[in-house]
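Here's the structure we're looking at; comments come further down.
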Amino acid sequence: MTAAANIVEVTGLSFAYDRRLILDGIDLAIPRGKVVAIMGLSGSGKTTLLRLIGGQIRPSAGSVRVDGEDVSRLDADALYRLRRRMGMLFQFGALFTDLSVFENVAFPLREHTDLPESMIRDLVLLKLDAVGLRGARDLMPSQVSGGMARRVALARAIALDPALIMYDEPFTGLDPISLAVISNLIRRLNDALGATSIVVTHDVQESLHMVDYIYFVSKGRIEAQGTPDEIRRTTLPFVHQFVHGEMDGPLPFHYPAAGYARDMGLSDRD
Amino acid sequence: MIDAPVRWLTALGAWAIDSVWRLGLASRFLGATLAGSGTALRRFRLTVKQVHFVGNYSLIIIVVSGTFVGFVLGLQGYNTLQKYASEQALGLLVALSLVRELGPVVTALLFAGRAGTALTAEVGIMKATEQLSAMEMMAVNPMSRVIAPRFWAGVISMPLLAAIFSAVGVFGGYFVGVVLIGVDEGAFWAQMQAGVDVFDDVLNGVLKSVVFGVVVTWIALYEGYDAVPTAEGVSRATTRTVVTSSLAVLALDFVLTAFMLGSGGW
């Protein structure tokens, strides 16, 4: 595939923190216009991968190209220019707690454009309407529920009509209705804006019927990949355990321990 | 036998390296704050908003403390001065104590406890809830949008608060000395007017409070920005703000006073 077809291209990407290898030779490509999930267990390095794509941390080896630009080689100004074409939704929304819902969504517009107040107002209301929260514009972040905060953050992330939207665990801690709403919004906004979305998540069922393609990350490597149908049919033991939420499998239920009998003082041997 | 001293030396070395390391990081942080100050000064409304917050946080405690420190100065000053039959100098004593020392120093200590901890907690929580990361991902530099306006707000507020503290303290001393004890009112004010020098006393006091404002705000913001992004980390950072900035203020006060006296001013 060419750079033009893929908005993100990751090659041989490794990242170590405190000499601990978190990502170990990741290769992946995110085609334009698609919604791609990066899945894995907690602590598998998926959020790290997202931060590397956003240029918040630098890789130990390998490269990340976004829209043809090598993220790790950009200086601060070029990186900030690139980020204006990215939107990111953080795990719990990361709304600015001292600003109202309206001002949160207006923030990127005020910082990056010289638009007159009337136009900022129109744009903010448009974005808030897209997430169904036009009526909540005067509330403060402390007055909205977790699901609503996530939607406000989504409106803020798309304020500048980004080409690439990144979601860090967008479903964590949501009730089933909010979860379905966010899931639908990710798909609808992606298609309406003609954007590309990367969703980092461990919510299998929600992702399988919303995304176009899935990468499984485990122990810092891409363990499996494919369309939702391919993933459902897969026979890879790890993916099977993950998709079907089985207690025991390649990933054991028991944390490594000495023999049960011995721990209970019933035997000297394991 | 040799184990204990070696361990002790290792710990001392580690502490020294860690301290120098942190000082270096804090200096780089201050550099980045100054470099990012363009926005805070150009869009001065951002800074004014923070001055309002920082000032409001501290105003009541400053006024109340200033009043009581003035009361005590009136009592203690009169008690000592009347032994030498020079209670007319009470006004001068109260004013000089406040303007030169107590105004800047006590204000800085209270400012660290009230506004400094609030700044550390606010920035630390912004970090813990990924608000700073979110800002970076929106291509907005948190150093210029969050840190620099707060820094300048602290630098502006400190001298103002110290001035308020001193002014209120003078009236506190007046109340106890003149109204309650009965020192001659004319002498109280006249001695003060004659004895307090605008440059040697007032300006040096202002200079101190500006330096303390820089140091306390710098430490508070750095601790918040550097906090481990958890509830526990933020609470520890808040404690460190109070301890570090109080020590820094008292140590710097000695150094500054030595310089100011040494330069022939006083």
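Values in this text are rule-based calculations from the coordinates and carry no lab data. Since we're looking at a predicted model, the values are computed, not measured. All Cβ positions, even for glycine, are placed from backbone atoms using ideal geometry, and neighbour counts span all protein chains on display.
Once you have the alpha carbon radius of gyration of the range B:172-254, what is it after dividing by 2.2 N^0.38 Å, with N set to its residue count? Could the numbers behind the result be given before it?
Details: Rg = 20.0 Å, N = 83, 2.2 N^0.38 = 11.8 Å.
Dividing the Cα Rg of the range B:172-254 by 2.2 N^0.38 Å gives 1.70.
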Practice task
Before anything else, pin down the relative contact order of the range A:123-270: Cα pairs under 8 Å, at least 6 apart, normalised by residue count, whole percent.
Solution key: 14 percent
Handout entry: Point-charge dipole on Cβ atoms (K/R +1, D/E -1) for chain B, about Cα centre, debye to 20
Key = 760 debye
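Taking 2.2 N^0.38 Å as the expected size of a compact globular protein, what ratio does the Cα radius of gyration of chain A give against it, to two decimals?
So the Cα radius of gyration is 1.12 times the expected 2.2 N^0.38 Å.
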Practice task
Calculate for the protein assembly as shown the 222 nm mean residue ellipticity that helices alone would give, adding -39,500 (n - 2.57) per DSSP H run of length 4 or more and normalising by residue count, nearest 500 deg cm²/dmol.
Solution key: -18000 deg cm²/dmol
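Per residue Cα convex hull volume for chain B, in cubic angstrom? Display every interim value, and only then the final one.
Working: hull volume 47.9 nm³, N = 266.
Considering the Cα atoms of chain B, their hull volume per residue is 180 Å³.
Taking only the Cα atoms of the range B:197-237, how large is their convex hull per residue, in Å³? All intermediate terms of the calculation are to be shown ahead of the outcome.
Working: hull volume 1.9 nm³, N = 41.
Per residue, the Cα convex hull of the range B:197-237 comes to 46 Å³.
On alpha-carbon atoms, Rg over Rh for the range A:50-97 using Kirkwood Rh? Write out the running numbers ahead of the final one.
Numbers: Rg = 11.7 Å, Rh = 11.7 Å.
With Rh from the inverse mean 1/r over Cα pairs, Rg/Rh is 1.00.
Taking 20 °C and 1.002 mPa s as the conditions, I'd like the Stokes-Einstein D for the range B:65-138 in µm²/s, using the Kirkwood hydrodynamic radius from alpha carbon pairs. Let's see the in-between values first.
Working: Rh = 15.3 Å.
Answer from the Stokes-Einstein relation: 140 µm²/s.
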Fill in the blank from the handout: Taking the range B:1-67, the equivalent ellipsoid from its C-alpha gyration tensor has semi-axes in Å, biggest first, of 42, 22, 6
Practice task
Kindly write out, for the range A:152-166 in residue order, the coupling ³J(HN,Hα) from the Karplus curve 6.51 cos²θ - 1.76 cosθ + 1.60 (θ = phi - 60°), rounded to whole Hz, with x marking Gly and Pro.
Solution key: 4, 4, 5, 4, 5, 5, 9, 4, 9, 6, x, 7, 10, 10, 10
Completion exercise
Among the Cα-Cα pairs of the protein assembly as shown, the proportion with separation greater than 47 Å, in percent, is 31 percent
Fill in the blank from the handout: Any residue on another chain or 5+ positions along whose placed amide H is under 5 Å from the amide H of A:R32 is listed here as A:N6, A:I7
Exercise for the section: For B:K127, go through the lysines and keep the ones whose alpha-carbon is under 29 Å away, minus same-chain ones fewer than eight residues off. Expected result: A:K46, A:K127, A:K219, B:K49
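Determine, for each peptide in B:235-244, A:148-157, B:177-186, the mean count of other beta carbons within 10 angstrom over its residues, then list the peptides with the highest first. Please list the in-between numbers first.
Working: B:235-244: 18.1, A:148-157: 25.7, B:177-186: 15.8.
Packing order, densest peptide first, comes out as A:148-157, B:235-244, B:177-186.
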Fill in the blank from the handout: With the dipole of the range B:107-242 defined by +1 on each Lys or Arg Cβ and -1 on each Asp or Glu Cβ, the option from B:V155, B:V210, B:I181 whose Cα lies farthest towards the positive pole is B:V155
Exercise for the section: Mind pulling up the Rg/Rh value for the range B:219-266? Radius of gyration and Kirkwood radius, both on Cα. Expected result: 1.28
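Given 4 °C and 1.567 mPa s, compute D for the range A:198-250 with the Stokes-Einstein relation, Rh being the Kirkwood radius over Cα pairs; round to the nearest whole µm²/s.
Details: Rh = 11.3 Å.
The calculation lands on 114 µm²/s.
Over 25 Å, how big is the tail of the calculated P(r) for the range A:146-270, in percent of all Cα pairs? Mind showing how you got there, number by number?
Numbers: 3185 of 7750 pairs.
Summing the P(r) of the range A:146-270 above 25 Å gives 41 percent of all pairs.
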Practice task
Starting from 0 in steps of 10 Å, tell me what percent of the Cα-Cα pairs of the range B:100-192 lands in each bin.
Solution key: 14, 30, 22, 16, 10, 7, 1
Handout entry: Where the Cα pairs of the range B:1-151 fall when distances are cut into 10 Å bins, in %
Key = 9, 22, 23, 19, 16, 9, 1
Completion exercise
For the range A:77-94, Karplus-derived ³J(HN,Hα) couplings (6.51, -1.76, 1.60; θ = phi - 60°; whole Hz; x for glycine and proline) come out as 5, 5, 5, 5, 5, 5, 5, 5, 9, 10, x, 9, 9, 7, 3, 10, x, 6
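Express the relative contact order of the range A:180-248 as a whole percentage, based on alpha carbon pairs under 8 Å and six or more residues apart in sequence. Before the final figure, lay out each step's value.
Working: 49 pairs, mean separation 14.5, N = 69.
Relative contact order for the range A:180-248 comes out at 21 percent.
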Completion exercise
the protein assembly as shown: antiparallel bridges as % of DSSP beta bridges, rounded to 5, reads 55 percent
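How high is the FRET efficiency between B:A16 and A:R19 when r is their beta carbon distance and R₀ equals 22 Å, given to the nearest 0.05? Please report the intermediate quantities before stating the final value.
On the way: r = 24 Å, r/R0 = 1.07.
FRET efficiency, B:A16 to A:R19: 0.40.
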Practice task
Using Cα pairs closer than 8 Å and at least 6 residues apart in sequence, work out the relative contact order for the range A:33-162, in percent.
Solution key: 27 percent
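Rounded to two decimal places and with Rh computed the Kirkwood way over Cα pairs, what is Rg over Rh for the range A:33-170?
On the way: Rg = 15.9 Å, Rh = 16.1 Å.
On the Cα set of the range A:33-170, Rg over Rh gives 0.99.
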Exercise for the section: Obtain the nm distance between the two label points defined at B:L261 and A:D27 by a simple spin-label model: each point lies 7 Å from its Cα along the Cα-to-C-beta direction. Expected result: 7.4 nm
Fill in the blank from the handout: Two pseudo-spin positions, 7 Å from Cα along C-beta at A:L193 and at B:F254, lie apart in nanometres by 5.7 nm
